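J.: My questions all concern the structure below.
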């Protein structure tokens, strides 16, 4: 098994793949890739996607967004439009972590990837995917110097 330092190095190695992103955004995406590659996140079928979004939004007391699921043509896995309260997903690559990432944007009302977004993402991940996934996400974000609230805040 790898050490946390090795995972952090994997994150840093992935950052250059996110051309055109801010440094913060590239780090968040790189962290998510390493966590997903390490712990897995199988794609969901269309019906599973819609049910998962409905369940999370109902549990979090958030209006269910308009969801557009398209064939995989874009380099973006998913996007959120805060002003329209909508999510666009690439069908072949839609997984629980991707959906929670987009819902975190809706909950905090920001399209950026700052500390409020990251804290919400870890909280949602802990609740809907599990402790191990959320812990690795949190520790890689912290380990790459992305500001995070204390781990206890995600409980």
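J.: So residue 103 clears everything in (1) assigned to a helix (DSSP H, G or I); (2) under 13 Å from the mean Cα position of the chain (by Cα); (3) surrounded by fewer than 18 Cβ atoms within 10 Å (Cβ to Cβ) except one condition, right? Which one?
T.: Unmet condition: (3).
J.: Please work out which one of (1) touching a residue at least 24 places away in the same chain (Cβ under 8 Å); (2) touching a helix residue (DSSP H, G or I) at 6+ places or on another chain (Cβ under 6 Å) is the condition residue 33 fails and give its number.
T.: (1)
J.: Follow-up. Of all residues in segment 129-140 being over 12 Å from the mean Cα position of the chain (by Cα) and in a helix (DSSP H, G or I), which is surrounded by the most Cβ atoms within 10 Å (Cβ to Cβ)?
T.: Going residue by residue through segment 129-140, those that are over 12 Å from the mean Cα position of the chain (by Cα) are 130-132, 135-136, 139-140.
Add one more test, that the residue is in a helix (DSSP H, G or I), and what stays is 131-132, 135-136, 139-140.
On the way: 131: 12, 132: 12, 135: 16, 136: 19, 139: 18, 140: 23.
Taking the candidates together, the pick is 140.
J.: Keeping to segment 110-128, report how many residues are surrounded by 18 or more Cβ atoms within 10 Å (Cβ to Cβ), free of Cβ contacts under 8 Å to residues at least 40 places away in the same chain and farther than 16 Å from residue 56 by Cβ.
T.: Total meeting the criteria: 1.
Values quoted throughout were computed directly from the atomic coordinates according to the rules given, and no laboratory measurement underlies them. Values in this document were obtained by computation on a predicted structure and should not be read as measured data. Backbone-built Cβ (ideal geometry, glycine too); neighbour counts: all protein chains shown.
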